[in-house]
Amino acid sequence: MKRIVITLLCVSLFVCNQRLFAQDYWDGTTDVDFGGSGTEDSPYLISTPEQLAGMAIRVSGGEDFYGKYFRLIQDIYLTDYLDPDTVNWKEWVPIGGICYVQDEHNGWKYTSDSSYFRGTFDGNDHTIYNLYYGHIPNIKLDDLDDPTYSYVPDFTGWYKGLFGFVKDGTIKNLNMYDARMSGARRVGIIASIIYSGTVTNCTVNSGYVYANDGGAGAIAGENEGIIENCYVNSNVIASRGAGAVAGY
């Protein structure tokens with residue numbers, strides 16, 4: 001009887017644990033409404049992957065959130081790597097970065113406008129799992145001044161990270177786990193480029209970051225601000241400018 005009781009107990013615990021640890025992965029949609037009012041005492045509250053993606057929509061739409069505060073209030077799960085069909089993996093759009101407008105250069109069109117995140121994002125010691133971007137366009141920076149370069153280049157793999165361009169902003173107390181980021185240039189896990197501002201008390205564990213045209217770092221593809229009290233344990237690969245913390 002004891003052996004039967006123990007077996008039943010283990011099965012019961014297994015079922016409970018399966019329910020307890022069942023995760024809601026990002027479905028690719030966005031939610032631009034957040035709890036809170038954005039002040040330091042009442043920050044915007046981010047509790048779902050859809051709300052996190054909604055930050056990117058609002059920043060690309062012109063809201064830089066200067067002087068505003070965000071707080072992550074639970075762990076976030078983005079791409080489901082257990083899905084065997086990688087076509088279903090959701091590619092992340094950075095919070096800030098390139099806005100796709102057109103300009104002229106040597107007779108072909110390219111993207112030029114930018115948006116910036118200038119607020120404070122407090123990860124609140126929570127973890128964002130499975131950040132993913134996997135498009136690697138075959139373009140080199142040297143091609144841009146080649147007059148024989150006649151086709152429209154693909155810039156979609158440039159400037160990738162959870163955040164794109166951070167300017168006068170702060171990202172703190174955030175953990176990233178098993179991010180898989182592959183792009184063309186200036187690819188980071190927490191940010192593509194930190195122009196100014198601070199990334200502090202953050203960790204990056206597992207996963208990898210790759211830039212085929214240079215500038216890859218577990219924290220940032222390029223850093224011109226402050227990175228302090230951070231820990232990284234991730235694979236970093238680039239044709240040039242690869243750094244455990246920052247590429248450039």
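The values are calculated or read from the model by the stated rules, or taken from the named source; none is laboratory data. Predicted model only: the values in this text are computed from it and were never measured. Every residue, glycine among them, receives a Cβ derived from its backbone with ideal geometry; neighbour counts consider all protein chains shown. Heavy atoms of the whole protein, side chains included, go into the accessibility calculation; ligands, DNA and RNA do not. Shrake-Rupley method; radii C 1.70, N 1.55, O 1.52, S 1.80 Å.
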> Among the numbered criteria (1) more than 12 Å from the chain's Cα centre (by Cα); (2) open to solvent by less than 40 Å² (accessible area, probe 1.4 Å); (3) modelled with pLDDT of 95 or more, which single criterion is violated by Ile219?
Replying inline: (1)
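Can you tell me which residue among Ile171, Ile190, Ile227, Ile194 is open to solvent by less than 60 Å² (accessible area, probe 1.4 Å), in contact with a Leu (Cβ under 6 Å, 6 or more places away or on another chain) and of a type in the set (Val, Ile, Thr)? Before the answer, list the steps.
On the way: Ile171 fails: in contact with a Leu (Cβ under 6 Å, 6 or more places away or on another chain); Ile227 fails: in contact with a Leu (Cβ under 6 Å, 6 or more places away or on another chain); Ile194 fails: in contact with a Leu (Cβ under 6 Å, 6 or more places away or on another chain).
None of the others qualify; the one that does is Ile190.
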>> Conditions first: (1) on the phi > 0 side of the Ramachandran plot; (2) surrounded by 19 or more Cβ atoms within 10 Å (Cβ to Cβ); (3) not aromatic (Phe, Trp, Tyr). Gly54 passes all but one, so which condition is the exception?
In response: (1)
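Going by the structure shown, is Ile4 assigned to a helix (DSSP H, G or I) and at pLDDT 90 or above?
no
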> Taking the condition polar (S, T, N, Q) and open to solvent by 70 Å² or more (accessible area, probe 1.4 Å), does Gln74 pass?
Replying inline: yes
> Which one is nearest to Ser115 (Cα to Cα), of the residues in region 35-61 that are more than 19 Å from the chain's Cα centre (by Cα) and assigned to a loop (DSSP other than H, G, I, E, B)?
Replying inline: Gly38
